[in-house]
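Input: a single structure, listed below in structure tokens.
The values are calculated or read from the model by the stated rules, or taken from the named source; none is laboratory data. Predicted, not measured: the structure shown is a model, and the values here were computed from it. With ideal geometry, Cβ positions are generated from the backbone for all residues, glycine too; neighbour counts draw on all protein chains shown. Note: accessible area is taken over every heavy atom of the protein model, side chains too, but ligands, DNA and RNA are not part of it. Shrake-Rupley method; radii C 1.70, N 1.55, O 1.52, S 1.80 Å.
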Amino acid sequence: MSRSIRNLPRGLVYEPTARGPGDGQAFFFLFGFSASADTDLVMRMTEIDHVGDDVAALRAAGYRVLVDLHGDLTTLADALTGKHPDATGLKTTGVYWSGHGDTDGTIQTHEGLWIAPEQIPPEVAQQGAMKLFVMSACDAGNHTPRWQKAMGPQAQIIGWGAPITITRAIEFLVPDDANAKGFDDLLAKHLGAPRVTADAPLHEIRELARKHEDALATLLLSLDELAPAAQARLKCKMEKMKEGSGYWFELRTPPSKDYPNTPRSQVVRVTGWGAGDAWIYLKSLVGPYSDALDLARGVRLLSPTFNVRMVLQKGEANDPELIFVDMLVRRRRLDMVTFANSLLSVAVNADKLEDLFFGSDKR
């Protein structure tokens with residue numbers, strides 16, 4: 001592909017191998033898995049091992065097939081509107097999006113951001129070119145009417161209606177003559193691209209994916225790079241500290257069980273730590289300590305969550321000891337998704353303790 005990330009192509013372009021119903025049309029495989037999270041990389045590679053037969057079927061039917069390892073809103077919008085530079089003006093009639101989905105109907109990008117159907121350019125539905133839009137993403141199928149409106153009434157929208165495992169997602173990709181609901185069946189039915197070869201990996205994409213993974217081995221994003229990316233993912237308030245190089249985040253937290261309709265939030269302080277800021281320190285104030293508080297109960301509350309702890313720190317002069325929840329994360333290979341999840345973990349657990357000890361939302 002002409003666009004690149006870390007001086008490597010985002011993906012590869014496969015030309016048609018024969019004439020057919022796909023003449024003058026393009027099909028996109030877009031992977032929205034986080035490009036810097038180990039678990040996501042494994043899932044992406046696992047799917048790459050099972051789409052080779054689908055790419056071959058589409059090429060044999062006349063389609064130009066574009067496989068992008070780094071799916072995002074810009075790429076998806078350009079593909080759907082026929083503006084993608086590597087589609088060379090061909091209209092896109094099919095998209096396979098693979099990645100995480102949320103209960104609100106959004107799908108996650110490789111940057112850890114989220115795409116809602118309302119973000120799709122309105123001309124996509126007006127052009128009416130889309131025939132098949134497949135979202136291999138949890139919960140996306142529950143919002144089919146919204147995606148249908150975004151793609152147009154002529155498009156067949158496919159998505160999972162509940163959380164699924166990668167094993168179930170692979171079953172959808174593996175051809176099965178006893179099941180007519182697989183991905184290969186959809187390509188044959190809606191795009192006229194019957195299966196021409198057995199299930200197989202895309203060797204060229206596998207090699208490119210490995211190169212991207214090798215480039216990430218030395219990932220060392222600064223706090224100034226991580227902070228705005230986390231803010232965009234979490235849709236929270238953020239303020240840079242007036243003194244020092246840290247940030248304040250105010251994150252939404254789940255309501256308490258006693259007041260389910262009352263919104264709550266928690267502030268988390270984030271700073272660099274250690275030589276060269278090799279670590280990032282996340283810290284959130286719970287409140288003042290007193291002997292009346294049941295610390296053992298608080299420890300039990302945090303026990304299900306790894307890597308967070310409750311600490312007591314002395315204030316200045318005669319100030320009382322304060323209760324904090326904190327976490328220390330290594331910056332090397334720290335991606336924006338993991339950083340955002342760490343922020344949320346500290347905020348949620350600190351707010352749980354605040355609710356347990358004080359029954360309020362003091363920040």
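Checking Gln126 against (1) open to solvent by 10 Å² or more (accessible area, probe 1.4 Å); (2) assigned to a helix (DSSP H, G or I); (3) of a type outside the set (Gly, Ala, Ser); (4) in contact with a strand residue (DSSP E or B) (Cβ under 8 Å, 6 or more places away or on another chain): exactly one of these is not met. Which one? So the condition that Gln126 fails would be (4). Given the condition open to solvent by less than 10 Å² (accessible area, probe 1.4 Å), part of a strand (DSSP E or B), out of contact with any helix residue (DSSP H, G or I) (no Cβ under 8 Å at 6 or more places or on another chain) and polar (S, T, N, Q), answer yes or no: does some residue in region 103-111 qualify? Looking for residues that are open to solvent by less than 10 Å² (accessible area, probe 1.4 Å), part of a strand (DSSP E or B), out of contact with any helix residue (DSSP H, G or I) (no Cβ under 8 Å at 6 or more places or on another chain) and polar (S, T, N, Q), one finds at least one in region 103-111, hence yes. For region 302-338, the set of residues classified as exposed (fewer than 14 other Cβ atoms within 10 Å of the Cβ), touching a residue at least 12 places away in the same chain (Cβ under 8 Å) and under 30 Å from Glu213 (Cα atoms) consists of Asn307, Arg330, Arg332, listed by residue number. Of all the criteria given as (1) over 24 Å from Met45 (Cβ atoms); (2) loosely packed, with under 15 Cβ neighbours inside 10 Å; (3) of a type in the set (S, T, N, Q), the one not satisfied by Gln148 is (2).
The set of residues from region 269-300 being open to solvent by 40 Å² or more (accessible area, probe 1.4 Å), assigned to a helix (DSSP H, G or I) and in contact (Cβ under 8 Å) with a residue 40 or more places away in the chain comprises Asp277, Arg297. Taking first residues from region 50-77 that are farther than 11 Å from Asp199 by Cβ and partners that are in a strand (DSSP E or B) and among the β-branched types (Val, Ile, Thr), the Cβ contacts under 6 Å between residues at least 6 apart in sequence or on separate chains come to Val55/Val65; Leu58/Val65; Arg59/Val65; Leu66/Val13; His70/Ile5; Leu73/Ile115.
Okay, residues lined up against (1) modelled with pLDDT under 95; (2) closer than 17 Å to Gly32 by Cα:
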residue	(1), (2)
Asp53	no, no
Ala77	no, yes
Val95	no, yes
Thr103	yes, yes
His110	yes, yes
Leu132	no, no
Gly152	no, no
Ile157	no, no
Ala162	yes, no
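Scanning region 9-55 for residues that are within 20 Å of the chain's Cα centre (by Cα), among the β-branched types (Val, Ile, Thr) and either open to solvent by 20 Å² or more (accessible area, probe 1.4 Å) or under 20 Å from Phe339 (Cα atoms) (or both) gives Thr39, Val42, Thr46. Starting from region 339-355, keep only residues that are open to solvent by less than 10 Å² (accessible area, probe 1.4 Å), then list their pairs with residues that are among the acidic types (Asp, Glu) whose Cβ atoms are within a distance under 9 Å, requiring at least 6 positions of separation or different chains. So the pair list comes out as Val346/Asp326; Ala347/Glu250; Ala350/Asp326; Asp351/Asp361; Glu354/Asp361.
Would you point out the residue of region 321-343, among those that are charged (D, E, K, R) and within 22 Å of the chain's Cα centre (by Cα), that is farthest from Gly274 (Cα to Cα)?
Only one residue tops the list, namely Asp335.
If you check Leu202, Leu191 for being of a type in the set (A, V, I, L, M, F, W, C), over 21 Å from Asp104 (Cα atoms), more than 20 Å from the chain's Cα centre (by Cα) and modelled with pLDDT of 95 or more, only one passes: Leu191. Scanning region 301-316 for residues that are outside any helix (DSSP H, G or I) and aliphatic (A, V, I, L, M) yields Val308, Met310, Val311, Leu312. Restricting attention to region 159-187, the residues that are within 19 Å of the chain's Cα centre (by Cα) and either surrounded by 14 or more Cβ atoms within 10 Å (Cβ to Cβ) or outside any loop (DSSP other than H, G, I, E, B) (or both) total 8. Take the residues of region 202-260 that are hydroxyl-bearing (Ser, Thr, Tyr) and in a loop (DSSP other than H, G, I, E, B): which is nearest to Pro9 (Cα to Cα)? Across region 202-260, the extreme among qualifying residues is Thr218.
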